[in-house]
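Undergrad: Below is the structure I would like to discuss, written out as structure tokens.
Please treat every number below as a calculation from the coordinates, not as lab data. Computed from a prediction, not measured in an experiment: that's the story for all the values here. Using ideal geometry, Cβ is built from the backbone for each residue, glycine included, and neighbour counts are taken over all protein chains shown.
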């Protein structure tokens, strides 16, 4: 299952909370696990129009907060490894707290790919060392929640 959401990024000043969230996300993260909640069974899903969830496990994600770009790298092995450039942002809720993480694909010259199509994930938790993002999906008429658990890499 893949989620495709169109969004528009508005250019405006960042709130203090938003800037803090972006600074927290800045750096290299590992997508340690992907789980499914709210429904029983075995799920095989294609994430972000690229690969199965199995291929994204242990992928490395890099976020650069000063220009909102980054990339993720899928591990080689059973799946075709590779790197995809992204442009990302954090959107605040009405209380100024980070609530949405959005990203879309860009090329090496930072030009949008795929007509501005992007992905929106809910920020469930965010700390210096871990980040949990979620998305709600519909499978055979029933709702499930995909949970993406990231751990910050330290070198």
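Undergrad: Say we join alpha carbon atoms closer than 10 Å with springs in a Gaussian network model of the chain; which of 132, 83, 102 then has the biggest fluctuation?
TA: 83
Undergrad: Subtract the Cα-Cα distance of residue 95 and residue 112 from 0.36 nm times their separation in residues, and report this length gain in nm to one decimal.
TA: Taking 0.36 nm per residue and subtracting the Cα distance, the gain is 3.1 nm.
Undergrad: Only Cα pairs within less than 10 Å get springs; with that Gaussian network setup on the chain, which residue of 30, 128, 40 has the largest fluctuation?
TA: Its mean-square fluctuation being the largest, the pick is 40.
Undergrad: Pick from 46, 78, 60: which is most flexible by mean-square fluctuation in a GNM of the chain where alpha carbon atoms under 10 Å apart are linked?
TA: 78
Undergrad: In deg cm²/dmol and to the nearest 500, what is the mean residue ellipticity at 222 nm of the chain if only DSSP H runs of at least 4 residues count, each as -39500 (n - 2.57), divided by the residue total?
TA: Values: 2 runs with 14 residues, N = 155.
Mean residue ellipticity, 222 nm, calculated: -2500 deg cm²/dmol.
Undergrad: OK, next. Calculate log10 I(q)/I(0) of the range 5-152 for q = 0.18, 0.19, 0.20, 0.21 Å⁻¹, where I(q) comes from the Debye formula with a single equal point scatterer on each Cα and nothing for solvent.
TA: -1.17, -1.30, -1.44, -1.56
Undergrad: For residue 67 and residue 143, what does the FRET efficiency come to when R0 = 41 Å and r is the distance between their Cβ atoms, rounded to the nearest 0.05?
TA: The pair residue 67/residue 143 has a calculated efficiency of 0.70.
Undergrad: Suppose we look only past 16 Å in the calculated P(r) of the range 32-83. What percent of the Cα-Cα pairs does that tail hold?
TA: Numbers: 653 of 1326 pairs.
Pairs farther apart than 16 Å: 49 percent.
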